[in-house]
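The values are calculated or read from the model by the stated rules, or taken from the named source; none is laboratory data. Computed from a prediction, not measured in an experiment: that's the story for all the values here. Neighbour counts are summed over all protein chains in view; Cβ atoms, including those assigned to glycine, are modelled from backbone coordinates with ideal geometry.
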Amino acid sequence: MKPWRKSLSSHSLLLFFVILFLTACSEKDHDNQSFPEGEEQPTIGNKSDLVLAENLEVPWTITHKNDTFYISERHGTITSIHEPSGETQKFPVNLQKKLFTGGEGGFLGIELIPDTNIEAFAYHTYEENGSIYNRVIRIVKEKDAWRETEVLIENIPGAKIHNGGRIKIGPDNKLYITTGDAAVPESSQNAEILSGKILRLEFDGSIPIDNLIKGSPTYSYGHRNPQGLAWTENGQLYETEHGQSAHDEINMISPGKNYGWPLIQGDEQKEGMESPIYHTNENTWAPSGVAYQNGKLYISSLRGEAVRVFDLELKEASVLIEGYGRIRDVYIDGKSLYFITNNTDGRGTSAENDDRIIKIEMK
């Protein structure tokens, strides 16, 4: 068995001492909806926005193939939406380990695998021997369900908060995975522990031979709760991350680098650690999924309740659209931007027929 698939003995003890404190901090992260100084006023949702589907159940990720969207839902289902007909189908995901949906856990990120019909990588939370973990698996779509076929990595420390959960295939054809600190901040600084990291794997779960930390899936570390990954056309990776009590971050990721949590945040600096290219000061976005196009990052924000735009050249943020509540993920296809609301997750105020996937035309 690979060493990172084994449970870590220190995890449960550390979790016991800090869970109450970190739970309070997590809730504080999401207390205030406000826009950082200098941010442009938002464009409110309007009648030209197209609702593709309604009544999604705590959706988490948007993926797309041909003319169909596939949306992961935290309680263990995937809903497919055909565009433009709007026809929807919801199928369960049959997992080999029981899904844990407490707090922020559940069935989270999915990523469709190219040149398959139809398979995906998936990230989900589970509980075993009294401890909470996360794992990455491969699943295949069958007639009336999705079925787990392979385990890539498991025993990633988890908790009721800070599970990360985003998975993306990079331009180098490797699988990238974000993990949260699982309410144990100091674990983010230990490159041998898989929490508070961006991981990089081959499609079969093996470690790429060019990972800078030899023999480890760790690509970067010192993260708190990263939930967004996007690459530019030149292959540069950017990440969005929940800060502590605001100080949400946008980071430019380089392999093997340390991004500071919990030793630095915001404008703080420390030798050997990377500071974010942008942070939200005392304001809160709670950024989640992110997409890139033409020099700009399009960022879904939960407590910030908007799709935001960050200009990578100007280092300036603005609000593209609001009026739909909490936004979990975004997807761009040409001149169209799609996003999913996340008002049924227990932290939002759900309206009739929430949650939704919505399409807007970009200028």
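Some observations on this one:
To keep it simple, each residue is scored yes or no on (1) surrounded by 17 or more Cβ atoms within 10 Å (Cβ to Cβ); (2) at pLDDT 95 or above; (3) not polar (S, T, N, Q).
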{"position": "HIS124", "(1), (2), (3)": "yes, yes, yes"}
{"position": "GLU127", "(1), (2), (3)": "no, yes, yes"}
{"position": "ASN134", "(1), (2), (3)": "yes, yes, no"}
{"position": "ILE137", "(1), (2), (3)": "yes, yes, yes"}
{"position": "ASP144", "(1), (2), (3)": "no, yes, yes"}
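- Here is the figure for the stretch 242-264: residues that are at pLDDT below 95 and surrounded by 18 or more Cβ atoms within 10 Å (Cβ to Cβ) total 2.
One line per residue, one yes/no per condition, for (1) outside any loop (DSSP other than H, G, I, E, B); (2) of a type in the set (A, V, I, L, M); (3) touching a residue at least 40 places away in the same chain (Cβ under 8 Å):
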residue: GLU186; (1), (2), (3): yes, no, yes
residue: LEU199; (1), (2), (3): yes, yes, yes
residue: ILE213; (1), (2), (3): no, yes, yes
residue: GLY266; (1), (2), (3): no, no, no
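- Contact map, the stretch 303-317: residues that are assigned to a strand (DSSP E or B) paired with residues that are of a type in the set (Asp, Glu), Cβ distance under 7 Å, separation 6+ or inter-chain. Pairs shown: ALA306/GLU322; ALA317/GLU39.
- Test: residue in the stretch 339-350 that is assigned to a strand (DSSP E or B), more than 18 Å from GLY109 (Cα to Cα), in contact with an Asp or Glu (Cβ under 7 Å, 6 or more places away or on another chain) and not hydrophobic (A, V, I, L, M, F, W, C): no
- Qualifying residue in the stretch 232-245 (condition: touching a helix residue (DSSP H, G or I) at 6+ places or on another chain (Cβ under 8 Å), assigned to a loop (DSSP other than H, G, I, E, B) and under 19 Å from LYS168 (Cα atoms)): yes
- Pairs meeting the criteria (first residue in the stretch 112-136 and under 18 Å from PRO59 (Cβ atoms), second residue of a type in the set (Asp, Glu) and at pLDDT 95 or above, beta carbons under 9 Å, at least 6 apart or on different chains) are LEU112/GLU119; ALA120/GLU111; PHE121/GLU111; ALA122/GLU111; ALA122/GLU148; TYR123/GLU111; THR125/GLU104.
The rows are residues; the columns are (1) under 16 Å from THR61 (Cβ atoms); (2) among the basic types (Lys, Arg).
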{"position": "ARG308", "(1), (2)": "no, yes"}
{"position": "LEU314", "(1), (2)": "no, no"}
{"position": "VAL319", "(1), (2)": "no, no"}
{"position": "GLU322", "(1), (2)": "no, no"}
{"position": "SER336", "(1), (2)": "no, no"}
{"position": "PHE339", "(1), (2)": "yes, no"}
{"position": "THR344", "(1), (2)": "yes, no"}
{"position": "ASP355", "(1), (2)": "yes, no"}
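- Considered as a group, the residues in the stretch 62-109 that are hydroxyl-bearing (Ser, Thr, Tyr) and without any contact (Cβ under 8 Å) to a residue 24 or more places away in the chain include one that is surrounded by the fewest Cβ atoms within 10 Å (Cβ to Cβ), and that residue is SER85.
- Residue list for the stretch 64-99, filter: hydroxyl-bearing (Ser, Thr, Tyr) and touching a Pro at 6+ places or on another chain (Cβ under 9 Å): SER72, THR77, THR79
- Which listed residue is of a type in the set (Val, Ile, Thr) and in contact with an Asp or Glu (Cβ under 9 Å, 6 or more places away or on another chain), from ILE161, ILE156, ILE177: ILE161
- Scan of the stretch 166-182 for residues that are in contact with a Pro (Cβ under 9 Å, 6 or more places away or on another chain) and either hydroxyl-bearing (Ser, Thr, Tyr) or part of a loop (DSSP other than H, G, I, E, B) (or both), ordered by number: ARG166, ASP172, ASN173, LYS174, THR178, THR179, GLY180, ASP181, ALA182
- Some residue of the stretch 273-295 being assigned to a strand (DSSP E or B), of a type in the set (Asp, Glu) and at negative phi: no
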